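What follows is a short report on a single structure.
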Amino acid sequence: MSDSPLIQFGLVGFGAWGRMHAQSISMTPGAGLAAIAAPSEASRDEARKAWPEVQIFASHAEMLASAKLDIVDIVTPSHTHRDIACAAFEAGCHALLEKPMALSLADCRAINESAARNGRLLAVGHELRLSSQWGEIKRIIESDVLGAPQYVLVELSRKPYRQGASGWRYDAARVGSWVLEEPIHFFDLARWYLESAGNPGELYAVANSIDPSRPGLFDNFSATMRYPNGAYAVVSQTLAAFEHHQTVKVTGTKGALWAGWSGALDRTLEPSYFLKVFTEDKLNEVPIARHSGEVFELREEIAMCVRAVRGEGKIIATGEDGLWSTGLCLAAEESVATKAVVDVAAFMGR
């Protein structure tokens with residue numbers, strides 16, 4: 001790999017998480033940060049100071065027209081994803097697209113169609129699949145140590161969200177909803193863990209907000225997905241708490257596991273985490289070889305993209321996965337609004 005040309009990344013978006021992407025690209029062997037596009041002059045000034053050797057542009061269109069890129073890393077507000085991703089594919093670039101993939105099923109499908117039409121790779125930012133902790137759970141399930149999975153819980157208790165650049169994360173028109181922010185990761189993990197059961201058949205969700213001025217942005221949210229074989233998953237989040245604490249539990253026909261991750265800040269470099277497996281009346285703590293946390297998983301995601309662009313590996317979360325995780329979030333929102341069970345297949349077929 002050391003003799004191969006660098007895979008040239010163009011980064012669109014230079015907010016808090018965009019800066020993390022820039023750092024991860026610069027730290028990843030085989031990756032080169034060639035260009036950054038940011039709409040605000042303040043962000044561009046920060047980018048110039050942090051990366052003086054990198055080309056800086058005011059828009060993704062300018063960047064795509066001028067820079068020689070292999071892949072575009074899109075870290076922008078959710079409502080912009082379709083336009084930027086499709087422009088990247090039309091320009092001959094692959095794309096790493098932060099979740100949610102888009103704010104509607106139609107936009108997700110349009111992105112996938114553009115990638116296929118132009119013969120480009122699309123990776124969706126479900127980086128938890130690459131985690132040394134959350135990914136290990138999938139490997140344990142596939143090893144049949146737990147037997148057939150029957151129940152999955154993915155739960156998060158954390159402090160409120162940051163406002164985001166120009167307050168976009170608290171603007172429903174731009175963020176879509178808070179179900180599409182972090183619970184989308186949990187729907188993706190639950191569907192991945194229960195992959196052997198097929199796709200969920202029914203979904204029911206409840207939610208509420210602690211601020212009457214933004215009733216559509218849910219501080220507390222829970223959903224249950226039921227599968228045709230009787231297995232089910234629970235996805236739950238509260239943003240009205242403190243720090244950052246995530247839990248996953250899985251029970252199967254032969255055993256169970258419990259995993260937890262805690263940090264005073266969601267991107268702390270010193271989190272605590274564990275993974276325990278109980279089977280055959282024995283409890284074992286599974287060693288986690290690498291740090292667990294979204295900063296570390298982001299680095300794994302960038303490395304995955306480098307390998308995939310070189311034809312040396314696969315994308316772990318594809319556009320189809322992104323479509324499903326978005327769809328499950330939107331189905332959950334419909335269930336909250338209607339107070340009714342949603343038929344998932346019918347919803348995804350719209």
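The values are calculated or read from the model by the stated rules, or taken from the named source; none is laboratory data. Just so you know, these numbers come straight off a predicted model, no measurement behind them. As a convention, Cβ positions derive from the backbone with ideal geometry for all residues, glycine included, and neighbour counts pool all protein chains shown.
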message: Taking the criterion of being part of a strand (DSSP E or B), at pLDDT 95 or above and surrounded by 14 or more Cβ atoms within 10 Å (Cβ to Cβ), would at least one residue in segment 42-50 satisfy it?
response: no
query: Of the residues V248, V344, which is closer than 28 Å to D73 by Cβ and touching a residue at least 40 places away in the same chain (Cβ under 8 Å)?
result: V248
Lone unmet requirement of (1) part of a loop (DSSP other than H, G, I, E, B); (2) among the hydrophobic types (A, V, I, L, M, F, W, C); (3) surrounded by fewer than 24 Cβ atoms within 10 Å (Cβ to Cβ) for I56: (1)
message: Step by step: first the residues of segment 23-41, then only those that are without any contact (Cβ under 8 Å) to a residue 60 or more places away in the chain and over 22 Å from the mean Cα position of the chain (by Cα), then the one that is surrounded by the fewest Cβ atoms within 10 Å (Cβ to Cβ). Which residue is that?
response: E41
task: Just one of (1) closer than 30 Å to F347 by Cα; (2) outside any loop (DSSP other than H, G, I, E, B) trips up K314, so point out which.
output: (2)
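Would you call F296 modelled with pLDDT of 95 or more and among the aromatic types (F, W, Y)? Before you say what the answer is, go through the steps one by one.
Working: modelled with pLDDT of 95 or more: no; among the aromatic types (F, W, Y): yes.
For F296, the condition - modelled with pLDDT of 95 or more and among the aromatic types (F, W, Y) - is not met.
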- prompt: Looking at segment 173-189, which of the residues that are under 23 Å from N199 (Cα atoms) and of a type in the set (A, V, I, L, M) is surrounded by the fewest Cβ atoms within 10 Å (Cβ to Cβ)?
  reply: L180
query: What residue, among those in segment 194-228 that are in contact with a helix residue (DSSP H, G or I) (Cβ under 6 Å, 6 or more places away or on another chain) and closer than 15 Å to P149 by Cβ, is surrounded by the fewest Cβ atoms within 10 Å (Cβ to Cβ)?
result: Y227
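I'm trying to understand the selection: among the residues of segment 270-292, which are in contact with a strand residue (DSSP E or B) (Cβ under 8 Å, 6 or more places away or on another chain) and in a loop (DSSP other than H, G, I, E, B)? I'd like the intermediate steps shown before the answer.
Taking segment 270-292 as the starting set, the residues that turn out to be in contact with a strand residue (DSSP E or B) (Cβ under 8 Å, 6 or more places away or on another chain) are 270-280, 283-286, 288, 292.
E270, P271, E280, V286, I288, S292, listed by residue number.
For every residue, the table says whether it meets (1) acidic (D, E); (2) in a strand (DSSP E or B).
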| position | (1), (2) |
| --- | --- |
| S166 | no, no |
| F186 | no, no |
| D211 | yes, no |
| A256 | no, yes |
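In this structure, is G18 free of Cβ contacts under 8 Å to residues at least 60 places away in the same chain and not in a loop (DSSP other than H, G, I, E, B)? If you could, list the steps in order and put the result at the bottom.
Details: free of Cβ contacts under 8 Å to residues at least 60 places away in the same chain: yes; not in a loop (DSSP other than H, G, I, E, B): yes.
When the stated conditions are applied, G18 passes them.
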query: Just wondering, is there one or more residues in segment 87-102 that are assigned to a strand (DSSP E or B), out of contact with any Asp or Glu (no Cβ under 9 Å at 6 or more places or on another chain) and surrounded by fewer than 21 Cβ atoms within 10 Å (Cβ to Cβ)?
result: no
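Working carefully through the options A58, A95, A42, A50, find the one that is under 17 Å from G10 (Cβ atoms) and out of contact with any Phe, Trp or Tyr (no Cβ under 9 Å at 6 or more places or on another chain).
Details: A95 fails: out of contact with any Phe, Trp or Tyr (no Cβ under 9 Å at 6 or more places or on another chain); A42 fails: under 17 Å from G10 (Cβ atoms); A50 fails: out of contact with any Phe, Trp or Tyr (no Cβ under 9 Å at 6 or more places or on another chain).
Going through A58, A95, A42, A50 in turn, the sole match is A58.
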message: If a residue must be closer than 29 Å to G252 by Cα and either of a type in the set (F, W, Y) or touching a strand residue (DSSP E or B) at 6+ places or on another chain (Cβ under 6 Å) (or both), how many such residues does segment 297-311 contain?
response: 0
- line: Taking segment 168-184 and keeping residues assigned to a helix (DSSP H, G or I) and within 16 Å of the chain's Cα centre (by Cα) leaves R169, V175, P183, I184
task: Scan T251, T247 and give me the residue that is within 29 Å of A197 (Cβ to Cβ), assigned to a strand (DSSP E or B) and within 18 Å of the chain's Cα centre (by Cα).
output: T247
field: Of the criteria (1) touching a Cys at 6+ places or on another chain (Cβ under 9 Å); (2) surrounded by 23 or more Cβ atoms within 10 Å (Cβ to Cβ); (3) in a loop (DSSP other than H, G, I, E, B); (4) of a type outside the set (G, A, S), which one R120 fails
entry: (2)
message: Quick test for you: out of V277, V309, pick the one residue that is crowded, with 16+ Cβ neighbours inside 10 Å and over 30 Å from R19 (Cβ atoms).
response: V277
